[in-house]
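Let me begin by presenting the structure, written as structure tokens, before commenting on it.
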Amino acid sequence: MAQHIKIGVLASGGGSNLQAIVDACESGQIRGTVVVVVSDQADAGA
């Protein structure tokens, strides 16, 4: 059985890749949870 992982994301831009990762975690495609996000833009969607 695959291990459940904790995921950290470094984001730059609008956050669309972050949303794809969150969606994949929620659907079970990725066995993990996003636990931290760091962005270089205060108004990013991330």
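The values are calculated or read from the model by the stated rules, or taken from the named source; none is laboratory data. This is a predicted model, so every value here is computed, not measured. Glycine also receives a Cβ, built like all others from the backbone with ideal geometry; neighbour counts cover every protein chain displayed.
Structure notes:
- Taking first residues from region 1-27 that are free of Cβ contacts under 8 Å to residues at least 60 places away in the same chain and partners that are aromatic (F, W, Y) and surrounded by 11 or more Cβ atoms within 10 Å (Cβ to Cβ), no Cβ contact under 7 Å between residues at least 6 apart in sequence or on separate chains turns up.
- Scope region 25-46; condition within 18 Å of A11 (Cα to Cα) and assigned to a loop (DSSP other than H, G, I, E, B); matching residues: D40, Q41, A42, D43, A44, G45, A46
- Hits in region 4-41 - residues which are loosely packed, with under 11 Cβ neighbours inside 10 Å and touching a helix residue (DSSP H, G or I) at 6+ places or on another chain (Cβ under 7 Å): none
- The set of residues in region 23-46 that are touching a Ser or Thr at 6+ places or on another chain (Cβ under 9 Å) and modelled with pLDDT of 95 or more contains only C25.
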